[in-house]
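Here the structure is laid out as structure tokens; the discussion comes afterwards.
The values are calculated or read from the model by the stated rules, or taken from the named source; none is laboratory data. None of the values given here were measured: they were computed from a predicted structure. All Cβ positions, glycine included, derive from the backbone under ideal geometry; neighbour counts span all protein chains shown. All accessible areas refer to the heavy atoms of the entire protein, side chains included, with ligands and DNA or RNA removed. Shrake-Rupley method; radii C 1.70, N 1.55, O 1.52, S 1.80 Å.
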Amino acid sequence: MARILTGIQATGVPHLGNILGAILPGMELSQDPKNEALFFIADMHSLTAIKDPEVLKHNTYSVAAAWLAFDFDTEKNIFYRQSDIPQVTELTWYMSCFTPYPMLANAHSFKDKSDRLHDVNTGLFVYPVLMACDILMYDSNYVPVGKDQKQHLEITRDIAAAFNRKYGETFVMPEAKIDTNVMVVPGTNGQKMSKSYGNTINVFESDKKLRKQVMGIETDSTPLEEPKDPDTCNVFALYSLMASKEKIAAMRANYLAGGYGYGHAKQELFELIRHRFEGPRAKYQHFMENQDLLELELKKGAEKARAIGLGVLERVKKKIGYHHG
Ligand code: ADP
Ligand code: TRP
């Protein structure tokens, strides 16, 4: 059994890019009977940036609701909120005593902002140690992350190795699992879909808002009656990421034949999204309207995670010499 662990930042309501690029691949990993997945909402990391309690809470719930809307199996796996097991910060202190200062000063998460140091809080500086402890406290074997997180995994291994060298084998050595052929979902303007570019398609919005976003996808001005190039069109690109082979072929033929407008293609894309995500959208709504259900799930996950995490913490404390009697 391999233990797979990953943290999900609570930065907003997950959009189509997050769903296709992170949630669905994560679901697939978690369904493998050889894996036990620990997925958590990194709400302590979010505090480095989000200082509004309502926003933090709402983001946490909406990320939880999205994962559960896709039927993440919380019996087989563990789904929890980082702040429910605050002892990870205790381990962060211990491990920070094994982290050379220059290693953190060189971390991209900090270094990229070093030209405006007055904006950098110490939390952001220590961020990689907290992330290392998220991983080490649960004896994780594999950590699926994007390539932007590769350096954090190297730091994690370095810190764990430094501790192991000093006290003998204590931590499981985690490995990054970086999927290099992850799909990049284009946004409404053709750039990578991202909250920060304002080009998202929000599957979990109302039909009206969702339709407006789909209708707002940028296209060229080829007149309706003329043939169109499917391979340079955003609408077709998005449709191709979700539709069946036959439907993709049919839309391609329509583009090439002419007499088929971008409005038609957008309407088909809208209907495809509605159809494809009908179940998850209803479940997401249900969870957001019944947040006590989310709390129940998160508490259940926290109990399971705590049992593992506190065990590892005890192991560490014993090695350091904190056990009396
Ligand atoms: P955003 O760019 O909207 O801020 P995040 O950086 O919070 O999104 O990404 C959260 C997860 O979703 C990451 O695993 C990231 O790789 C994935 N993701 C985000 N945008 C896309 C996209 N356009 N295509 C594929 N995956 C994406
Ligand atoms: N830093 C990660 C990100 O921004 C989130 C994260 C926090 C994480 N702790 C983790 C990812 C532990 C993997 C393992 O995406």
Output the qualifying pairs, or none if there are none: Cβ atoms under 9 angstrom, residues six or more apart or on different chains, first residue in the stretch 219-236 and part of a loop (DSSP other than H, G, I, E, B), second residue open to solvent by 60 Å² or more (accessible area, probe 1.4 Å) and among the aliphatic types (A, V, I, L, M).
Pro227/Leu256; Pro227/Ala257; Lys228/Leu256; Asp229/Leu256
Within the bounds of the stretch 79-87, is there any residue that is of a type in the set (Asp, Glu), closer than 29 Å to Met1 by Cα and in the same structural domain as Ile23 (by TED's automatic domain parsing)?
yes
Flag for Lys113 being surrounded by fewer than 20 Cβ atoms within 10 Å (Cβ to Cβ) and in contact with a helix residue (DSSP H, G or I) (Cβ under 7 Å, 6 or more places away or on another chain):
yes
Can you name the residue in the stretch 168-200 that is among the hydroxyl-bearing types (Ser, Thr, Tyr) and open to solvent by 70 Å² or more (accessible area, probe 1.4 Å) and is also nearest to ligand 1 (Cβ to nearest atom) among such residues?
Ser196
Could you check the stretch 256-325 for helices (runs of 4 or more DSSP H) lying wholly inside it with 2 or more residues that are in contact with an Asp or Glu (Cβ under 7 Å, 6 or more places away or on another chain) and surrounded by 14 or more Cβ atoms within 10 Å (Cβ to Cβ)?
291-320
Selection within the stretch 157-199 - without any contact (Cβ under 8 Å) to a residue 40 or more places away in the chain and of a type in the set (Asp, Glu)
Glu169, Glu175
(1) assigned to a loop (DSSP other than H, G, I, E, B); (2) open to solvent by 30 Å² or more (accessible area, probe 1.4 Å): which one isn't true of Lys209, the others all being true?
(1)
Considering Asp158, Asp134, which residue is of a type in the set (D, E, K, R) and open to solvent by less than 40 Å² (accessible area, probe 1.4 Å)?
Asp134
From the options Thr122, Thr99, Thr92, Thr60, residue that is in the same structural domain as Gly26 (by TED's automatic domain parsing), touching an Asp or Glu at 6+ places or on another chain (Cβ under 6 Å) and not aliphatic (A, V, I, L, M):
Thr60
Where the second residue is charged (D, E, K, R) and surrounded by 14 or more Cβ atoms within 10 Å (Cβ to Cβ) and the first is under 21 Å from Pro14 (Cα atoms) and lies in the stretch 282-310, which pairs have Cβ atoms under 7 Å and are six or more apart or on separate chains?
Leu298/Arg81; Leu298/Asp84
Qualifying positions in the stretch 1-20 - near ligand 2 (Cβ under 9 Å from one of its atoms) and open to solvent by 10 Å² or more (accessible area, probe 1.4 Å)
Thr6, Gly7, Ile8, Gln9, Thr11
Determine which single condition Ala10 fails, assuming it passes every other condition in (1) at pLDDT 95 or above; (2) under 18 Å from Glu297 (Cα atoms).
(1)
Can Phe204 be described as assigned to a loop (DSSP other than H, G, I, E, B) and closer than 22 Å to Met183 by Cα?
yes
Answer yes or no as to whether Glu154 is without any contact (Cβ under 8 Å) to a residue 60 or more places away in the chain and assigned to a loop (DSSP other than H, G, I, E, B).
no
For Ala160, all conditions in the list (1) farther than 30 Å from Asn106 by Cβ; (2) aliphatic (A, V, I, L, M); (3) in a helix (DSSP H, G or I) hold save one; what is the number of the exception?
(1)
